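Accompanying notes for the structure given below.
Read-outs: derived from the displayed coordinates by stated rules, not from any lab. On a predicted model such as this, the values are computed, not experimentally measured, just so you know. All Cβ positions, even for glycine, are placed from backbone atoms using ideal geometry, and neighbour counts span all protein chains on display.
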């Protein structure tokens, strides 16, 4: 990716990350206002995962991970997520289904890519413990340096701060 593409990606990320903060606590979830979740994602890609709750049903999701496609590449993504707590009811904790949109940058020695991600998943928030487990899939359309489709997905666990 050229220097202008990387600059645009960083400006977009900074704009998304600057979105206000309020809370994430619904249906008995163990998540408090402005809470961070930090943990790991195992799948394609595999690495670190973080989530910052911006409101009762919205959050910013971040990933910094290693992709095993091809010769392997470093991958960074940021998604803005919307959560629906009413689709799946559970006796303890909560199990929101979420969807969102964001961006991905994949760094390769010859082929850096910038793309649009559509994230779809579910996250179980424990009542008793400050933890969550999640599953997601994310179709991606890379638009720089050329248009190409891709798919990410995996399972993960995060600690809630």
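In plain terms, the residue of 66, 53, 36 with the fewest other Cβ atoms within 10 Å comes first and the most crowded comes last, giving 66, 36, 53. Fewest neighbouring Cβ atoms within 10 Å first, the residues 89, 51 line up as 89, 51. By other beta-carbon atoms within 10 Å, ranking 38, 160 with the fewest at the front produces 38, 160.
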